[in-house]
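> Take this structure first; my questions come after.
The values are calculated or read from the model by the stated rules, or taken from the named source; none is laboratory data. Being a predicted model, the structure only gives us computed values, none of them experimental. Note that each Cβ is placed from the backbone with ideal geometry, even for glycine, and that neighbours are counted across all protein chains shown. Heads up: the accessible areas ignore ligands, DNA and RNA and are worked out on the full protein's heavy atoms, side chains in. Shrake-Rupley method; radii C 1.70, N 1.55, O 1.52, S 1.80 Å.
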Amino acid sequence: MPVPPRTLETLNAQIVNCERCPRLRTHCTEVARVRRRAYAEWGYWGRPVPSFGHPRARVLALGLAPGAHGSNRTGRPFTGDGSGDFLYPVLYEAGFASLPRASSRDDGMKLNDLWITSVARCAPPGNKPTPEELRNCAPWMDAEMTLLKNLRVVVCLGRIAFDGLLMREHRLKSIVLRSRYNFAHGAEYSLPSGLTAIASYHPSLQNTNTGKLTRPMFLEIFKRARLLAGLG
Ligand code: SF4
């Protein structure tokens with residue numbers, strides 16, 4: 001990592017210039033060049049996607065990676081694809097988002113008490129970052145969580161995000177055995193670092209279109225996060 005950033009803003013500025021994963025950088029650039037026909041008029045972002053939210057957030061929503069034609073197009077987490085269309089209405093209803101729909105970086109959306117990030121910041125082919133790419137990206141998450149001084153609860157969106165958080169706790173020596181923590185939708189763990197982890201299914205179309213993750217199930221996760229974070 002370059003000079004350790006002192007603010008989340010500086011960190012985001014460093015992230016968007018990251019080139020650690022050649023495979024992912026090539027993929028994102030190529031997707032941005034070719035574009036999907038429906039978005040032919042868009043100038044795709046095509047860079048690592050910076051995090052989004054309130055710097056004094058008590059809750060972190062930790063995702064997997066940007067969508068090729070979602071965040072990789074718009075430049076903001078969960079903005080512009082099916083996952084975001086499912087997530088933001090729930091965040092709005094739970095009191096974390098100012099608008100019920102996210103469409104672009106300049107749609108006026110503000111988050112309250114919430115920060116959104118992911119374990120990989122570049123869109124991976126097939127939505128599958130390699131273990132090495134996840135390791136490359138982990139220092140960004142570590143730096144970010146250090147800067148989020150008020151953080152109390154981490155909502156892990158999917159198993160890979162859950163594992164990413166456990167690996168971070170392991171690096172910090174907060175936990176020794178990751179095998180003690182099992183991923184299941186709605187599972188909660190008080191971590192020795194003082195954070196509470198909540199596991200959730202990822203709001204991918206694969207999960208939401210099949211009914212594996214419903215809106216009431218997802219809303220319950222974020223209501224629970226509010227409560228555990230002392231937000232009432
Ligand atoms: S995935 Fe993370 S580490 Fe890899 S190039 Fe993107 S921002 Fe850098």
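> Looking only at residues that are within 16 Å of the ligand (Cβ to nearest atom) and of a type outside the set (V, I, T) in the stretch 103-126, which one is most open to solvent (accessible area, probe 1.4 Å)?
G126
> Sticking with this structure for a sec: Please tell me if R56 is basic (K, R), assigned to a helix (DSSP H, G or I) and surrounded by fewer than 20 Cβ atoms within 10 Å (Cβ to Cβ).
So R56 does not fit the description; no.
> Looking only at the stretch 164-181, count every residue that is over 19 Å from the mean Cα position of the chain (by Cα) and open to solvent by 20 Å² or more (accessible area, probe 1.4 Å) and tell me the total.
Total meeting the criteria: 11.
> Moving to a separate point now. How many residues does the stretch 2-29 hold that are at pLDDT below 95 and surrounded by 14 or more Cβ atoms within 10 Å (Cβ to Cβ)?
Selection size over the stretch 2-29: 1.
> Sticking with this structure for a sec: Of all residues in the stretch 116-137, which are touching a helix residue (DSSP H, G or I) at 6+ places or on another chain (Cβ under 8 Å), of a type outside the set (S, T, N, Q) and under 25 Å from L228 (Cα atoms)?
V119 - this is the single residue of the stretch 116-137 that is touching a helix residue (DSSP H, G or I) at 6+ places or on another chain (Cβ under 8 Å), of a type outside the set (S, T, N, Q) and under 25 Å from L228 (Cα atoms).
> Determine, yes or no, whether R33 is part of a helix (DSSP H, G or I) and more than 16 Å from the ligand (Cβ to nearest atom).
yes
> Let me spell it out: the conditions are (1) within 24 Å of P203 (Cβ to Cβ); (2) within 16 Å of the ligand (Cβ to nearest atom); (3) assigned to a helix (DSSP H, G or I), and P50 meets all of them except one. Which number is the exception?
Result: P50 fails condition (3) only.
> Could you please let me know if P100 is within 17 Å of E220 (Cα to Cα), part of a loop (DSSP other than H, G, I, E, B) and away from the ligand (no atom under 16 Å from the Cβ)?
When the stated conditions are applied, P100 passes them.
> Next up: Can you pull out every residue in the stretch 127-163 that is part of a helix (DSSP H, G or I), free of Cβ contacts under 8 Å to residues at least 12 places away in the same chain and either under 15 Å from the mean Cα position of the chain (by Cα) or more than 16 Å from the ligand (Cβ to nearest atom) (or both)?
Residue satisfying the conditions is T146 alone.
> Specify the residue that is least open to solvent (accessible area, probe 1.4 Å); the eligible residues are those in the stretch 36-47 that are more than 9 Å from the ligand (Cβ to nearest atom) and not hydrophobic (A, V, I, L, M, F, W, C).
Result: G46.
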